[in-house]
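Student: Questions regarding the structure given below will be posed in turn.
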Amino acid sequence: MKKNDANRNLEENAKQKDLAYNKSDGTDQFMTTDQGVKVNDDNNSLKAGDRGPSLLEDFILREKITHFDHERIPERIVHARGSAAHGYFQPNAEAKKYSKAGFLQDANSTTPVFVRFSTVAGFRGSTDMARDVRGFAVKFYTEEGNFDLVGNNIPIFFIQDAAKFPDLVHAVKPEPHHEMPQAASAHDTFWDFISLMPESMHMIMWAMSDRAIPRSYRMMEGFGVHTFRFINKKNESSFVKFHWKPKLGTHAVVWDEAVKISGNDPDFHRRDLWEAIESGSFPEWELGVQVIPEADEHKFDFDLLDPTKIVPEELVPVTIIGKMVLNRNPDNFFAETEQVAFHPGHIVPGIDFTNDPLLQGRLFSYTDTQLSRLGSPNFHEIPINRPIAPMHNNQRDGHMRQEINVGRVSYHPNSLGGGCPFQAKIAEGGFESYNERIDAKKVRERSESFADHFSQAKLFFESQTQVEQDHIINALRFELSKVEVPAIRERMLGLLSQVDTNLAKAVAKGLGMQVPRSPERPMNHGVGADDKGKQEPKPLVKYAQTSDALSMIKNKLNSDTIESRQVAFLCADGVDGNSVNTMKAALEKEGATVKIIGTNATAIKTAEGKELKVDHNLLTVSSVLFDAVFIPAGEASIDRLKEEEKIPEFLNDTYKHCKVIGADQEGILLLNETNFVLQLSEAKLEEQGIITSDTTKASLTADFISAMGEHRFWIREKPLT
Ligand code: HDD
């Protein structure tokens, strides 16, 4: 088994790979069949004569082809497209106050983790940049067994009860008659379902916001979504909400960029994660918890068990209990990223479930799905899924059993095996479920405390800046314009009007429709509530304040670091080498990455006659793949770049997407090729994030870096009409 050693560094990893093929005695480098027979010719099948038919006895060919024919397994029904990495988790001194979990006790200890990020709706080969929720699943290989925190980058969910999950997924996946659209929610079946499910409105606000088009997996928050329980050493329980806070801040791209990235590099997020780790820029998150004492369960005007609700950070602050660093890429995509099996039911002593009905249903689903996806109840024996904690039980046999269990005893109690394996007492680390008192009737109902579907949707929308609200409105206009059935659009406008009338009006305007005066019932009900005649609409609770934590722009997390950000340098023959080197050195000092974009694929000549290696031919890239653009000085270079057809689009897009543009000396002349240059008065350049040698307060490099730290100059965006 490959142990996930958090501290194994990349160099050592590479060395080990070499060793596997180059044993010193030379014996292990030969190609063999699966049975270990050395292969002498892997290029020709066995034939009757060199122009004759192939022979059935060719066991080498048959084995090779048979294996190949079975190399695919069913992809995940949701979260099929993902990327993953290894790393470690380290608790801080706070953690042990809240939970007795072993991996949270010692601030000097580290626990290996494997993390898989994913989109939800698209198939395995779909684009990373779809508007979608992102999965954020973490497997902690603790000494007390595996703990999986299987969350998303959005802290709530579309539905309140797991019984609706198959409906949600059937609605959002490509439509069954023609399998379109791929990896997108902008189609009738999705919005038909949503328009009939008022409980999804809060999640819709998040999914239509820029949270659903992250700049990078490394720049996303993660959430456990459900309320879980922590149990401490005194056996006291508290409710917890899990939060992952990214060290690089929470950032997104804009929709036009997302659409263009999908064409330019559908692997944008996968590549970003892989390259960051390969270059030693290890992604890092803090793990935080909102802790709510058991006694406060009913203190809020929403239900802690309702997965469509957040606990606003202003009501219960997030306490940081540790950090996670991802420092090693997988060795093999299939063996690790594809075969990893997460499960919200994988918990360890010190952590427990609540009665959230969405969580309760998930506890069944995840093992069940692995049986058809990985093909056997022995999927826990696949190396990436194995716990590092010793594992002994009486489970036996089944497809693909790896372990050779010795002896004749596979039952409990037994005397023939000396009673092994023994049950652990609680004091010995045996798992005990929290002894929650349950005194209830068996019903198929939803609690009335789940019935307010709009207050938090409103809270989210109203907590956003104008720019962010405009993006939500535009996203809804886009999605609903793709809907073909007018009645679905109308129902959606009715629901939006319950969130915010201005929002509904603005969306309606973009659709050329009116907001319905009396939206279709039921509103603010759980699905099926009318049948039971029990749940009455609850008056909307207007939250007293907005929550800055919900806005990516206002959020304190919107870190101004430029670490690992990608800067395109537009260069051609005659570029000023000094201008390139000065800016490059300054950016690299801040941890940013510079890519020389040239007019060919190899190298260009600087004005000083030196060779400058090209990272990308201009032909193969677009500005959407970079965070900022710099135009170095050099008259000949600028003249040559002016001839390139791609330059106007490159610069216009950088401007349109509100990203920083820097130009050294005559570099500014290249902006004459753009269609935005006329809008810019020289005095306003810097305010607009266009940094030139003429406008500098400090130095070109310092000003460019500080402008990059702002990430986007939203001032360039025209307000919505
Ligand atoms: Fe789920 C995969 C997250 C509700 C059923 N889910 C899956 C993954 C993530 C989540 C991140 C991918 C894990 C990986 O990378 O392998 N799911 C969530 C969150 C939910 C949620 C945050 C709501 C809070 N899921 C949910 C429900 C059900 C499922 C209600 C079913 C009743 N989810 C599955 C699944 C998947 C899955 C079908 C597909 C592949 C897998 O489990 O291993 O069983």
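The values are calculated or read from the model by the stated rules, or taken from the named source; none is laboratory data. The structure presented is a predicted model; accordingly, all values stated were derived computationally and were not measured. Counting neighbours? That spans all protein chains shown, and the Cβs are built from the backbone with ideal geometry, glycine included.
Student: Among the residues of the stretch 333-365, count how many are more than 9 Å from the ligand (Cβ to nearest atom), within 13 Å of F114 (Cβ to Cβ) and not in a helix (DSSP H, G or I).
Tutor: Residues in the stretch 333-365 being more than 9 Å from the ligand (Cβ to nearest atom), within 13 Å of F114 (Cβ to Cβ) and not in a helix (DSSP H, G or I): 2 in total.
The rows are residues; the columns are (1) buried (at least 21 other Cβ atoms within 10 Å of the Cβ); (2) within 19 Å of R328 (Cβ to Cβ); (3) of a type in the set (K, R).
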{"position": "V225", "(1), (2), (3)": "yes, no, no"}
{"position": "K234", "(1), (2), (3)": "no, no, yes"}
{"position": "K241", "(1), (2), (3)": "yes, no, yes"}
{"position": "W244", "(1), (2), (3)": "yes, yes, no"}
{"position": "K247", "(1), (2), (3)": "no, yes, yes"}
{"position": "V259", "(1), (2), (3)": "no, no, no"}
{"position": "G263", "(1), (2), (3)": "no, no, no"}
{"position": "S279", "(1), (2), (3)": "no, yes, no"}
{"position": "H298", "(1), (2), (3)": "no, no, no"}
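Student: May I ask you to list the residues in the stretch 366-378 that are crowded, with 16+ Cβ neighbours inside 10 Å and either near the ligand (Cβ under 10 Å from one of its atoms) or touching a residue at least 40 places away in the same chain (Cβ under 8 Å) (or both)?
Tutor: Those that are crowded, with 16+ Cβ neighbours inside 10 Å and either near the ligand (Cβ under 10 Å from one of its atoms) or touching a residue at least 40 places away in the same chain (Cβ under 8 Å) (or both): Y366, T369, Q370, R373, L374.
Student: A further question on this structure: Inside the stretch 160-215, can you point out the residues that are more than 26 Å from L459 (Cα to Cα), over 20 Å from the mean Cα position of the chain (by Cα) and assigned to a helix (DSSP H, G or I)?
Tutor: A163, P166, D167, H170, A171, D188, T189
Student: At negative phi, at pLDDT below 95, away from the ligand (no atom under 16 Å from the Cβ) and β-branched (V, I, T): does that describe I438?
Tutor: When the stated conditions are applied, I438 passes them.
Student: Of the residues V291, V254, which is over 24 Å from Q105 (Cβ atoms), among the β-branched types (V, I, T) and surrounded by fewer than 23 Cβ atoms within 10 Å (Cβ to Cβ)?
Tutor: Selected residue: V254, the only one of V291, V254 that is over 24 Å from Q105 (Cβ atoms), among the β-branched types (V, I, T) and surrounded by fewer than 23 Cβ atoms within 10 Å (Cβ to Cβ).
Student: Now for a separate question. Confirm whether V624 is out of contact with any helix residue (DSSP H, G or I) (no Cβ under 8 Å at 6 or more places or on another chain) and not basic (K, R).
Tutor: no
Student: Then there's this: So, in the stretch 141-155, how many residues would count as being outside any loop (DSSP other than H, G, I, E, B) and either under 19 Å from E381 (Cβ atoms) or away from the ligand (no atom under 14 Å from the Cβ) (or both)?
Tutor: The number of residues fulfilling the criteria is 6.
Student: Can you run down the residue pairs with Cβ atoms below 8 Å, 6 or more apart or on separate chains, where the first is in the stretch 92-121 and farther than 10 Å from F230 by Cβ and the partner is acidic (D, E) and within 16 Å of the ligand (Cβ to nearest atom)?
Tutor: F114/E336; T119/D128; T119/D132; V120/D132; A121/D132
Student: Is it true that P283 is of a type outside the set (D, E, K, R), assigned by TED's automatic domain parsing to the domain that holds Q160 and crowded, with 21+ Cβ neighbours inside 10 Å?
Tutor: Here the answer is yes, as P283 does meet what is asked.
Student: Any idea which residue in the stretch 61-99 is nearest to A121 (Cα to Cα), counting only those that are part of a loop (DSSP other than H, G, I, E, B) and in contact with an Asp or Glu (Cβ under 8 Å, 6 or more places away or on another chain)?
Tutor: R81
Student: Counting only residues that are touching a helix residue (DSSP H, G or I) at 6+ places or on another chain (Cβ under 8 Å) and either over 16 Å from M220 (Cα atoms) or among the acidic types (D, E) (or both), how many does the stretch 147-161 have?
Tutor: Count: 6.
Student: Follow-up. Exactly one of these conditions fails for I321: (1) touching a residue at least 60 places away in the same chain (Cβ under 8 Å); (2) within 16 Å of the ligand (Cβ to nearest atom). Give me its number.
Tutor: So the condition that I321 fails would be (2).
Student: Residues V169, V138: which one is within 12 Å of the ligand (Cβ to nearest atom), more than 23 Å from R215 (Cα to Cα), assigned by TED's automatic domain parsing to the domain that holds R215 and among the β-branched types (V, I, T)?
Tutor: Just one listed residue meets the conditions, V169.
Student: Looking at the stretch 347-394 only, could you name the residues that are hydrophobic (A, V, I, L, M, F, W, C) and over 23 Å from P330 (Cα atoms)?
Tutor: Passing the criteria: I347, V348, I351, F353, L358, L359, L363, F364, L371, M391.
Student: Give just the number: which of (1) assigned to a loop (DSSP other than H, G, I, E, B); (2) more than 12 Å from the ligand (Cβ to nearest atom) does S449 not satisfy?
Tutor: (1)
Student: While we're on this one: Quick check on the stretch 105-128. Is at least one of its residues farther than 22 Å from H243 by Cβ, modelled with pLDDT of 95 or more, surrounded by fewer than 19 Cβ atoms within 10 Å (Cβ to Cβ) and within 14 Å of the ligand (Cβ to nearest atom)?
Tutor: yes
Student: Tell me yes or no: at least one residue of the stretch 396-412 is assigned by TED's automatic domain parsing to the domain that holds P112 and part of a loop (DSSP other than H, G, I, E, B).
Tutor: No, every residue in the stretch 396-412 fails to be assigned by TED's automatic domain parsing to the domain that holds P112 and part of a loop (DSSP other than H, G, I, E, B).
Student: To continue, here is another question. Find the residue count for the stretch 30-50, including only residues that are over 18 Å from T66 (Cβ atoms) and of a type in the set (V, I, T).
Tutor: Matching residues across the stretch 30-50 total 0.
Student: Turning to a different aspect of this structure: Just checking, how many residues over the stretch 676-689 are closer than 24 Å to R640 by Cα and in contact with a helix residue (DSSP H, G or I) (Cβ under 6 Å, 6 or more places away or on another chain)?
Tutor: Residues that pass the stated criteria total 2.
Student: For the stretch 437-461, enumerate the residues that are of a type in the set (D, E, K, R), more than 24 Å from A186 (Cα to Cα) and in contact (Cβ under 8 Å) with a residue 40 or more places away in the chain. Write out each step before concluding.
Tutor: If we filter the stretch 437-461 for residues that are of a type in the set (D, E, K, R), which is where we start, we get 437, 439, 441-442, 444-446, 448, 452, 458.
If we keep only those that are more than 24 Å from A186 (Cα to Cα) too, we end up with 437, 439, 441-442, 444-446, 448, 452.
The answer is E445, R446, E448, D452.
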